[in-house]
Amino acid sequence: MPVNYLRRHAIELYLKSLIYVLHRKFKIPFSSGGTLEKPKIKVLGKDYELENMHDIRLLTMYLMDQHNKLIPCFFHLGIGVIEKDILHKINKINSIDSKSTFFRYPKTGDHIQDMRKSSVRQKSTEDIINSMNKKEGKYVKALLLVDDEDNIVDSFDIDVDVFPDLNKNLIYLCDYFHDLHAAYRWGICDGR
């Protein structure tokens with residue numbers, strides 16, 4: 001989970017930097033008296049200080065809106081429209097971690113969400129044995145609790161791949177926004 005937190009945080013920082021670059025380079029005024037030192041943006045009719053905003057869905061919506069308005073200014077640089085699927089991937093992440101706390105803390109106060117991110121899952125002994133039989137050449141990590149007479153009283157699978165699609169989306173989006181950020185810095189900001 002710590003790696004997922006870092007990936008999600010990188011996405012958030014890329015989005016903020018991309019927004020900032022557009023405002024600075026194209027002299028787009030910030031919302032409600034925001035400045036380059038204290039930027040503010042308006043998303044869905046509400047003002048947000050950029051430094052206190054952690055909702056990557058809203059940041060992405062804002063970036064896509066600003067970016068698409070400016071396409072004629074930098075299309076000649078090979079910077080095209082932001083892929084439509086990006087917001088879909090962002091929404092999947094945001095549905096789990098809209099406040100940047102889910103991956104950061106082991107316990108968030110939401111018992112159901114905390115259970116979802118645990119790599120230790122209660123599983124019947126029979127299911128664990130079936131997994132062992134299916135995974136030829138692969139190990140199965142499990143924990144078996146026994147009583148004083150060595151009877152199995154509970155069993156847990158500790159090799160659960162937590163949110164495999166989410167991991168793929170985080171990796172994809174980190175790479176995507178890294179590349180877009182490099183294109184902005186090179187093409188729009190002359191390498192600065």
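A short reminder: the numbers here are calculations on the coordinates, not readings from a lab. As the structure is a computational prediction, the values presented were derived from the model and not from experiment. Cβ placement follows ideal geometry from the backbone for every residue including glycine, while neighbour counts extend to all protein chains displayed.
Going from the fewest other Cβ atoms within 10 Å to the most, the residues Tyr172, Tyr48 appear in the order Tyr172, Tyr48. A protection proxy built from the mean count of other Cβ atoms within 10 Å ranks the segments 142-151, 51-60, most packed first, as 51-60, 142-151. Placing a label point 7 Å from the Cα of Val120 along the Cα-to-Cβ line, the residues of segment 138-180 whose backbone N sits under 18 Å from it are 140-147, 152-163. Counting neighbouring beta carbons within 10 Å and listing from fewest to most, the residues Cys174, Cys73 come out as Cys73, Cys174. Charge tally around Val43: other residues with Cβ under 10 Å, Lys/Arg +1 each, Asp/Glu -1 each, net 0. Using a cut-off of 28 Å between Cα atoms, the listed pairs Lys84/Lys168; Lys16/Lys84; Lys89/Lys138; Lys27/Lys168; Lys89/Lys123 include Lys89/Lys138; Lys27/Lys168; Lys89/Lys123 as exceeding that distance.
Full extension of the chain between Ser31 and Tyr172 gives 47.7 nm of extra length, using 0.36 nm per residue less the Cα-Cα distance.
Proximity of backbone amide H atoms, modeled 1.01 Å from N, is registered between Ala142 and Ile158 at under 5 Å, excluding neighbours fewer than 5 places apart on the same chain.
An oblate overall shape is assigned to segment 43-92, the ratio a/c of its alpha-carbon gyration tensor axes (a ≥ b ≥ c) being 1.5 or greater and a/b not exceeding b/c. Footprinting exposure proxy ranking of Lys27, Lys69, fewest other C-beta atoms within 10 angstrom first, gives Lys27, Lys69. Electrostatic bookkeeping for Val81 treats Lys and Arg as +1 and Asp and Glu as -1; over the other residues with beta carbon under 15 Å from its beta carbon, the sum is -2.
If only the Cβ of Lys and Arg carry +1 and only the Cβ of Asp and Glu carry -1, the dipole of the chain around its Cα centre is close to 1380 debye.
Counting only whole DSSP H helices of the chain, the ones at least 15 Å long by C-alpha along their axis and with mean Kyte-Doolittle hydropathy no lower than -0.5 are 2-25, 56-69, 164-183.
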